[in-house]
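Participant: Can you keep this structure in mind? I'll have questions shortly.
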Amino acid sequence: MISEGDDFPIHQLPTPIAEVGTERNFYDRYFFNGYNEDGTIFFGAAFCVYPNLNLKDASFIFVTDGIQHNFRYSDVLDHERMNTEVGSFRIEIIKPLRELRIIVDDKEKDIFADISFTGRFEPMEEPRMTLKNGPRIYMDSTRMTQHGNWTGNIKFKSNSLNLSKENYQGTRDRSWGIRPVGAPDNQIVPPLKLPQFYWLWAPANFFDQSSHFYFVDDEAGIATNSHCVQQKEDLSERLFDLKKEIHYKEGTRRIAKAEFSALKRDGTEVVWNLTPKYHIYMCGLGYMHPEWGHGQFHGEKQSLYDFYDLSEDPHDPPFLHIQAICEFELSENQSKIKGIGALEQLLIGPHAPSGFEDLLDR
């Protein structure tokens, strides 16, 4: 099936761009977060196409006065993967790997945003992540992550924000491949096994540098996939020997404090101390949402607005997946600098170092 994308020199297989193999769960997603210098303002966005489901969806969240406002959009893809617009949401790639623009113009829901993300440093390619359920692959994806500055403006009802690059920073990622999307698989792989996924993802911005850390642990607490990069204007360095120390809020799976450490090639140890301020719910961006989850079919040109009171913490699906806005303190060579960033957490099932033994015990 020929589409507009076939007029660009971007083919990687002897097939039209619309074809991505036989895997129904193939996806291609943009994700963004943004915050001001003290973390009191937070916003996020996501856009994704699902070529073999012939769907696309997008979402935008805006946090103000302790309320997370969620704006969701869904439509049929019509096999045009180059069309990055769905409903009142649009992404423009101004300069690939450098500058992107997000526009949300929804008069019915009284939300308007025209914001641009400009990379501070080059994108980082994370290690490919492949996870299996027995012989079946349920996740096989590549992700690039980039720190940047935001400019533009956001208006929601009586709230109006002007974003300047000096005061608003954030992180974006692009991931593509295979992960559970759309309707769940109705054929379970026997024997039944308790689901387990321990995911920490911690991008941060500092005055003159940025850093990125993540862990995927198995139920014994062994990191099966991890990554750490420190970036400055003239240097992007991957660090090794990653370690973590996690403290939880009593009676929860929410992290109260975290310490990460890693070694540079010359043996220098770098330590990050994270202190969460508050958290937002990723289901507002479609992650794990029972009705407006990624790749769900709602019909043509559909949208929805809802909101969450962030003073409430249900601790149950779909609210397990969060991003905590954190104060970061980076220590290196007896010097310390402070920054701001996010600690994404999705903690399901057993994890021996944390004392988790069941699916959702605390």
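Participant: Treat each spin label as a single point 7 Å out from the Cα along the C-beta direction, and report the residue 159 to residue 327 distance in nm.
Facilitator: Modelled inter-label distance: 2.3 nm.
Participant: If you don't mind, another one. Nothing charged except the Cβ atoms of Lys and Arg (+1) and of Asp and Glu (-1): what's the magnitude of the dipole of the chain about its Cα centre? Round to the nearest 20 debye.
Facilitator: Values: 38 positive and 55 negative charges, 53 e Å.
Rounded to the nearest 20 debye, it is 260 debye.
Participant: What does a probe at residue 266 reach in segment 331-362, counting residues whose amide N is under 15 Å from the point 7 Å along Cα→Cβ?
Facilitator: 332-335
Participant: Can you return the lysines within cross-link range of residue 157? Criterion is Cα-Cα under 20 Å, with same-chain partners fewer than 8 residues away left out.
Facilitator: 107, 109
Participant: Scan segment 153-232 for chymotrypsin sites (Phe, Trp or Tyr not before Pro) in coil per DSSP, keeping those whose Cβ has at most 10 other Cβ atoms within 10 Å, and list them by number.
Facilitator: Values: sites: 156, 168, 176, 197, 198, 199, 201, 206, 207, 213, 214, 215; in loops: 207.
Passing sites in segment 153-232 are 207.
Participant: Next question, about the same structure. Could you tell me which GluC sites (Glu not before Pro) in segment 282-362 are loop residues by DSSP with no more than 13 other beta carbons within 10 angstrom of their beta carbon? Don't skip to the answer; put the middle values down first.
Facilitator: Working: sites: 291, 300, 312, 327, 329, 332, 344, 357; in loops: 291, 300, 312, 357.
The qualifying sites are 291, 300, 312, 357.
Participant: Projecting each Cα onto the charge dipole of segment 241-362 (Lys/Arg +1, Asp/Glu -1 at the beta carbon, about the Cα centre), which of 348, 298, 333 comes out farthest on the positive side?
Facilitator: Selected residue: 333.
Participant: How much length would be gained if the chain were fully extended between residue 315 and residue 92, taking 0.36 nm per residue of separation minus their Cα-Cα distance, in nm to one decimal? Each step should come with its number before you reach the end.
Facilitator: Numbers: separation 223, 0.36 × 223 = 80.28 nm, distance 3.56 nm.
Between residue 315 and residue 92, full extension yields an extra 76.7 nm.
Participant: Also, I was wondering about something else. Report the extension gain between residue 259 and residue 245 in nm, rounded to one decimal, defined as 0.36 nm multiplied by the number of residues separating them, less their alpha carbon distance. Mind dumping the intermediate values first?
Facilitator: Working: separation 14, 0.36 × 14 = 5.04 nm, distance 0.51 nm.
Extending this stretch completely gives an extra 4.5 nm.
Participant: While we're here: Are there trypsin sites (Lys or Arg not before Pro) in segment 209-272 that DSSP puts in a loop and that have at most 11 other Cβ atoms within 10 Å, and which ones?
Facilitator: Working: sites: 232, 238, 243, 244, 249, 253, 254, 257, 264, 265; in loops: 249, 253, 254, 264, 265.
Filter output for segment 209-272: 265.
Participant: At residue 78 and residue 130, where each label point lies 7 Å from the Cα along Cα→Cβ, what is the point-to-point distance in nanometres?
Facilitator: According to this spin-label approximation, the distance is 3.7 nm.
Participant: Further question: Could you please state, rounded to a whole Å, how far the C-alpha centre of segment 25-47 is from the C-alpha centre of segment 215-268?
Facilitator: Going from one Cα centre to the other spans 21 Å.
Participant: Starting from 0.36 nm per residue, how many nanometres of slack lie between residue 300 and residue 107 once their C-alpha separation is accounted for? Working shown, then result.
Facilitator: Values: separation 193, 0.36 × 193 = 69.48 nm, distance 1.87 nm.
Extra length from residue 300 to residue 107 when fully extended: 67.6 nm.
Participant: Place +1 on the Cβ of every Lys and Arg and -1 on the Cβ of every Asp and Glu in the chain, take the dipole about the Cα centre, and give the residue among 184, 84, 322 whose Cα lies farthest towards its positive end.
Facilitator: Comparing the listed Cα positions along the dipole, 322 ranks first.
Participant: If you don't mind, there's one more thing I want to ask. Using label points projected 7 Å from each Cα along Cα→Cβ, tell me how many nm separate residue 19 and residue 278, to one decimal.
Facilitator: So the label points at residue 19 and residue 278 sit 5.1 nm apart.
No lab work stands behind these numbers, since they all come straight from the coordinates. All values derive from a computational prediction rather than experimental measurement. Glycine gets a Cβ as well: all are built from the backbone with ideal geometry, and neighbour counts include every protein chain shown.
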